[in-house]
Amino acid sequence: MRRNLFFVVITVLLVVVVGLGVGFLVEQATMEHRTSLQGNVVPLVKDAHLLGPTDPNQRLQLNISLKLRNEPELNMMLTAIANPNSPDYQHYITADQFKQRYSPMPNQVQQVVAFLQSQGLTIKSISANNTLIDATCTVAQAEKAFSVQINNYQFKSLRFYANAEEPTVPTSISSIILSIGGLDNAAKGHPEGFITNRT
């Protein structure tokens, strides 16, 4: 009887230890270091009047731009194509050649897609050259995914929403992402447009 009880206690302890270990790993993954993506706050925010938080259920259409590979080589090629004295003058490459040489690799695209999906974003499309990912989400999902606060602002007669700080992403994919479009609508804001605040 005591022997059976001993095995039961050991089994329970093992389950608890394993559970704690799994929980620790999940927590570590959730707390992964993040890196800011500079240049993703619309300049108008600093001069605008804050009206309040944007409705967390409002839908956003995001465009995540990915960085090209081999940019120094690409710049040299573009210079040569435009130079009448170059043997490569007006020697254009095909879309497939561009993709093979300069577009993000499929595994890089998948890393970004996996992160976006893990945050609840819906992937709508990926461009043929792997440089743009279109996704949809709510304001609340975008705020959580990119650690930003999205607010409603007014500048003169223009009302718009925008993120108040630079978005961040896990450092492991920060070198892949160029920019995140759609966190604001300042460029197409509405004169005396709608305001939907949180309750």
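Sequence-distant contacts, meaning Cα pairs under 8 Å at least 6 residues apart, place the relative contact order of the range 69-139 at 23 percent. Model label sites at residue 89 and residue 174, defined 7 Å from Cα along the beta-carbon direction, differ in position by 4.5 nm. Working note: Karplus 6.51/-1.76/1.60 with θ = phi - 60° gives the range 41-46 the couplings 10, 5, x, 4, 4, 5 Hz, where Gly and Pro are set to x.
Where a number appears in this text, it was derived from the coordinates with a stated rule and is not lab data. Predicted model only: the values in this text are computed from it and were never measured. Cβ sites come from the backbone with ideal geometry, for glycine too, and all protein chains shown count toward neighbours.
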